[in-house]
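Beneath this line is the structure, given in structure tokens, with notes to follow.
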Amino acid sequence: MQISQMETMSWDCSSCVSTPFYNSENEGRKAGPAPAGRGRASGDVMSDAAQVIFDVDQQQFEEMVLRKSMEVPVVVDFWAPWCQPCRQLGPLLERLVRERRGQVLLAKVDVDRNQELAGYLGIQSIPAVLAFRQGQPVLEFTGLLPESQLRDFLDRLCPNEVDRLVTRAMSLESTNPAQAEQLYRQAHARDAAHEGARVGLARMLLNQNKDAAEIESLLEPVGSDGPLGMEAQRIKGVLALKGLAPMTGDEAELRKQIAANPNDAQAYYRLGCTLALQGKHEEALAALLSAAEKDYALANGKVREAMVQIFYAIGPTNPLSDKYRSRLARLLY
């Protein structure tokens, strides 16, 4: 997503009113990678031993907030040094976060130094607090809330039993995939709407070459935004690549066919499919592009479909995706 350069913004300081916190899911709040930073860093990291409280700028936002929120909820406090309510809210919020001993993290964003990030996230007045879980904004409020309401806000974010099952399963994926799958199944059985459980279970089934229909069913209700959405799209892409198996062949034989007839678009297409299933994504994309250059009808059909699935499988932000997506677009349009 392209973010345009913003003019210097003035912030409304919510000194007299506050808004109750509410679910920000499905409220049009943007998720996904934040814009690249252009300004100064927001300051030295402010942290206790567990690093539960820290400063963050727009360069660090994706890594320190979105990715961390996949494991533990992250509350983001948007503030400014001159804002008196911010200076009242900050210490109270920090104390309550520390009390929870790592169950929730607190990221501090100075809006004066990170105007583009604040604008991207729709922050219009401060203090503003936005909470992320599983890469998505889930709760928010503006203004200065009393301690009782702040405690309620944080309590709603702390991991529940299903969250803990998912976190445990993630830690076992590489060392004990069978147990990881079992834990994901337990989490999914207790909360069928939990996207972390759905995506995690789908990933384990994919890695073990298990039921494709179950994988598709698990991922059907998962959106495409945020880290979970991107992972769901990746899994769908890898699954779709497996569907190219009937078009594959012996790599050496296909290369001989191409050497004998460099204009054989079908041979290039089959070679691309073969390489894709071997995980040789760059070679696969190059072969598919060669097929597209030699046969427009093939390019606008099977080749385009195969390349799109590779883009999903390697991730839409992968440099290879950008490179070959633009080259394919130039051929087609």
Exercise. Restricting the search to region 76-106, which residues are within 25 Å of the chain's Cα centre (by Cα), farther than 17 Å from Leu144 by Cα and not in a loop (DSSP other than H, G, I, E, B)?
Worked result: Leu105
Exercise. Any residue in region 241-258 that is within 24 Å of the chain's Cα centre (by Cα) and either buried (at least 20 other Cβ atoms within 10 Å of the Cβ) or not in a loop (DSSP other than H, G, I, E, B) (or both)?
Worked result: yes
Problem set entry | Single match in Val166, Val138 (criterion: buried (at least 17 other Cβ atoms within 10 Å of the Cβ) and in a strand (DSSP E or B)) | Val138
Exercise. Among the residues of region 131-147, is any modelled with pLDDT under 95, of a type in the set (D, E, K, R) and closer than 26 Å to Gln58 by Cβ?
Worked result: yes
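Let's see how each residue does on (1) at pLDDT 95 or above; (2) crowded, with 20+ Cβ neighbours inside 10 Å; (3) not assigned by TED's automatic domain parsing to the domain that holds Glu62:
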site: Gln278; (1), (2), (3): no, no, yes
site: Leu288; (1), (2), (3): yes, yes, yes
site: Ala297; (1), (2), (3): no, no, yes
site: Lys302; (1), (2), (3): no, yes, yes
site: Ser321; (1), (2), (3): no, yes, yes
site: Leu328; (1), (2), (3): no, yes, yes
Problem set entry | Candidate set from region 42-66 (those that are at pLDDT 90 or above and of a type in the set (D, E, K, R)); member that is farthest from Phe141 (Cα to Cα) | Glu63
Seminar exercise, completed: Within region 117-153, residues being touching a Pro at 6+ places or on another chain (Cβ under 6 Å) and at positive phi number 1
Exercise. Can you pull out the residues in region 217-230 that are at pLDDT below 90 and in a helix (DSSP H, G or I)?
Worked result: Gly226, Pro227, Leu228, Gly229, Met230
Exercise. Among the residues of region 282-328 satisfying the criterion of being of a type in the set (S, T, N, Q) and not in a helix (DSSP H, G or I), which is farthest from Ala265 (Cα to Cα)?
Worked result: Thr317
Exercise. Of (1) under 21 Å from Gln136 (Cα atoms); (2) touching a helix residue (DSSP H, G or I) at 6+ places or on another chain (Cβ under 8 Å), Ala80 satisfies all except one. Which?
Worked result: (1)
For this session: Quickly run through region 83-104 and pick out the residues that are over 17 Å from Phe141 (Cβ atoms) and in contact with a Ser or Thr (Cβ under 8 Å, 6 or more places away or on another chain).
Result: Gln84
Exercise. If Glu214 satisfies every condition in (1) in a helix (DSSP H, G or I); (2) at pLDDT below 95 but one, which is the exception?
Worked result: (2)
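The values are calculated or read from the model by the stated rules, or taken from the named source; none is laboratory data. These numbers come from a predicted model, not from an experiment. All Cβ positions, glycine included, derive from the backbone under ideal geometry; neighbour counts span all protein chains shown.
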